[in-house]
1. Which whole number gives the average, over all residues in B:253-259, of C-beta atoms from other chains lying within 10 Å of the residue C-beta?
2. Can you list the copy-to-copy distances for A:L36, using a point 7 angstrom from Cα toward Cβ, in nanometres, shortest first?
3. Which FRET efficiency, nearest 0.05, do A:H222 and B:Q306 yield, Cβ-Cβ r, R0 41 Å?
4. For B:K348, go 7 angstrom from Cα along the Cα-to-Cβ vector, then report the distances to that same point in the other copies in nm, smallest first.
5. What residue among A:Y278, A:Y225, A:Y131 shows peak mean-square fluctuation when chain A is described by a Gaussian network model with Cα springs under 10 Å?
6. Quickly estimate the mean residue ellipticity at 222 nm for chain A, helices only: each DSSP H run with n ≥ 4 gives -39500 (n - 2.57), and the total goes over all residues, rounded to 500.
7. Considering Cα pairs under 8 angstrom that are at least six residues apart, work out the relative contact order of chain A and quote it in whole percent.
8. By a straight-distance test (C-alpha under 16 Å), which lysines pair with A:K287 as possible cross-link partners, with residues fewer than eight away in the same chain excluded?
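The values are calculated or read from the model by the stated rules, or taken from the named source; none is laboratory data. The shown structure was predicted, so the numbers you read here are calculated from the model rather than taken from an experiment. FYI the Cβ positions are ideal-geometry reconstructions off the backbone, even for glycines, and counts take in every protein chain you see. The protein model used for the area step is the full one, side chains on, heavy atoms only, and it has no ligands, DNA or RNA in it. Shrake-Rupley method; radii C 1.70, N 1.55, O 1.52, S 1.80 Å.
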There are 2 protein chains.
Amino acid sequence: MQCADLEKPAVGPGEFVFGVVGLSHGHIYDMTDGLLKAGAELRWVYDPSPEKMEAFLRKYPQAKAARSEEEVLSDPEVRLVAAAAIPCDRAALGVRVMESGKDYFTDKAPLISLEQLDAAKAACARTGRRYFVFYSERLCSESAVCAARLIEQGRIGRVLQVMGMGPHRLGPPEKRPDWFYRKAQYGGILCDIGSHQIEQYLFFSGAKDASIMSSHVANYQHPDYPELEDFGEVSLVGDNGTSGYLRVDWFTPGGLRTWGDGRTFILGTDGYMELRKYVNVGVGPEKDQVFLVDHQGEHLIHAAGQTGIPFFGQMIRDCLDGTETAMTQAHIFKAAELCVRAQMAARKLV
Amino acid sequence: MQCADLEKPAVGPGEFVFGVVGLSHGHIYDMTDGLLKAGAELRWVYDPSPEKMEAFLRKYPQAKAARSEEEVLSDPEVRLVAAAAIPCDRAALGVRVMESGKDYFTDKAPLISLEQLDAAKAACARTGRRYFVFYSERLCSESAVCAARLIEQGRIGRVLQVMGMGPHRLGPPEKRPDWFYRKAQYGGILCDIGSHQIEQYLFFSGAKDASIMSSHVANYQHPDYPELEDFGEVSLVGDNGTSGYLRVDWFTPGGLRTWGDGRTFILGTDGYMELRKYVNVGVGPEKDQVFLVDHQGEHLIHAAGQTGIPFFGQMIRDCLDGTETAMTQAHIFKAAELCVRAQMAARKLV
């Protein structure tokens with residue numbers, strides 16, 4: 001993760017201790033880095049795989065290898081548990097974490113069924129703890145942070161539509177873990193990488209709820225992995241009348257210089273923005289370029305290194321102060337719910 | 001129209017005579033220019049408005065002012081009638097043109113109801129004449145011509161999805177004609193500017209038919225013009241399993257250096273393309289840039305001035321030779337049908 005180093009630590013040394021449980025997805029490294037940069041202290045790590053533990057401990061020698069999940073959850077000094085379990089296990093782990101009196105910070109997708117959603121919501125209500133989600137394509141994107149500020153300043157008027165493209169590179173298929181190809185475990189493409197996009201729609205549009213108007217998934221080109229969905233799309237309409245559309249896929253070609261040409265288009269009454277998040281395709285490797293057009297002109301804003309990534313510090317303060325500055329719990333669960341509903345409603349094209 | 005001048009005339013002087021009837025939309029000038037460049041001879045012009053006639057004759061002094069539509073239709077040397085009538089009148093005019101033994105070339109949208117579609121189809125079948133449509137956003141876009149060739153060469157593998165954005169500038173609302181704001185006359189935003197996008201989806205995807213999965217229209221910001229739709233979107237699925245999405249609007253901000261930042265994204269199994277048709281926003285005025293990514297790398301192809309605009313010459317030859325090289329009649333009517341169906345199915349957001 002190359003988040004800009006503009007944020008001051010949110011806490012002093014030892015003020016906010018966290019543990020890590022579940023190393024199934026590499027995102028856990030970004031999550032850990034973000035927490036450390038924001039001033040948190042890494043105490044524990046646990047995963048059933050000795051290889052994964054070893055790799056993590058090589059990178060973070062300050063962590064102690066726990067013998068079990070329970071060892072982490074029973075440490076009263078641990079305030080938050082960061083986790084990248086297999087998607088189908090994320091909600092149950094979150095419930096155990098919250099039941100142990102700690103806040104939970106999971107990789108996306110945070111859960112993959114409505115039953116899991118209900119369990120997570122109930123545990124939040126019962127314990128008063130938080131269930132945070134690492135929506136990295138917004139939270140760790142300086143162009144997204146920049147766009148949010150521009151919208152707040154009214155630079156494009158009222159937001160009418162948000163359109164997101166989240167192509168991803170599959171890479172050599174055999175290098176992916178088994179669960180990546182089992183739908184009951186990864187949840188489907190709209191739950192998985194689609195969740196970044198649905199969360200962004202809700203966030204940028206300001207909608208508090210939305211209806212899934214149509215959603216599709218397909219396995220166009222990977223017959224050897226019949227449960228993989230290599231394409232997905234959703235059309236949503238928000239409770240504030242805004243529209244959202246997202247398209248995700250696993251077709252990033254080998255020739256792109258990065259893993260995906262992620263874009264976000266935000267249409268407003270008085271202007272629009274395009275975020276080129278990870279690459280300016282055909283031009284250069286610079287990340288986080290914001291193209292803004294308003295009534296005055298066309299503007300290219302280089303957000304990389306300029307806006308910072310306030311999320312991790314805000315999340316830590318939310319845990320300590322009982323605030324909701326990083327993300328509201330209602331927003332988190334609504335995004336999760338819509339992903340599950342989009343996936344459930346999805347018509348399979350191929 | 002700034003189509004590249006790469007095409008040789010398709011006919012010699014006097015070989016292909018056409019008349020113009022209906023000057024309600026400025027597109028008629030692009031249509032006339034294209035025909036003239038391809039070698040056609042302009043014989044007549046007719047419109048009930050003396051001002052519109054005068055302006056047209058100033059630009060094309062070779063045209064004769066007809067006293068009536070009938071005067072044009074009864075000239076046996078006229079092979080084709082080009083027309084930009086008010087959208088609701090285009091089908092009936094087309095039927096009269098074909099009944100007079102001539103081919104018809106109308107601005108888009110070619111028609112705005114299923115009844116009109118049936119009448120146009122029946123007239124085609126009865127007379128053996130053609131009903132061509134000026135889908136300028138593909139036919140007069142060298143990036144679109146270039147993209148079609150690249151697809152044909154297999155450069156992005158099999159096409160899976162086509163996504164189109166067709167923002168347009170409204171300009172001072174009072175400068176638009178009355179019919180622009182009357183839905184019964186212009187047909188709705190999906191019939192009108194949406195038709196460019198639906199036609200492109202069919203063309204690039206290779207689908208012969210498609211289902212409208214969801215479609216929306218809105219009047220977000222123009223309460224003084226209650227029948228205007230300033231936003232529209234459609235999700236389609238083709239009979240070949242491909243997906244299409246399009247978004248159109250009348251929100252191009254004053255600061256954009258051209259009328260609209262039209263884009264087309266074409267996703268294939270082995271690469272993808274983005275067409276920036278009219279502007280490279282934030283960078284420069286160069287039109288028709290094609291960004292292609294395949295397994296070898298990222299490629300920027302400057303199509304402007306390189307590919308030519310074969311449409312007009314092909315259409316003239318189709319009229320003379322009974323071929324279907326420019327566009328098949330089935331494709332034309334299917335695109336028209338899907339626009340009407342998308343419009344009929346559209347849920348109004350606001």
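1. On the way: counts 14, 7, 10, 7, 3, 0, 0.
Counting Cβ atoms of other protein chains within 10 Å of each residue's Cβ and averaging gives 6.
2. Label-point distances to the other copies, shortest first: 7.0 nm.
3. 0.70
4. 3.9
5. A:Y225
6. So the calculated ellipticity at 222 nm is -9000 deg cm²/dmol.
7. Working: 787 pairs, mean separation 69.1, N = 350.
So the answer I get is 20 percent.
8. A:K277
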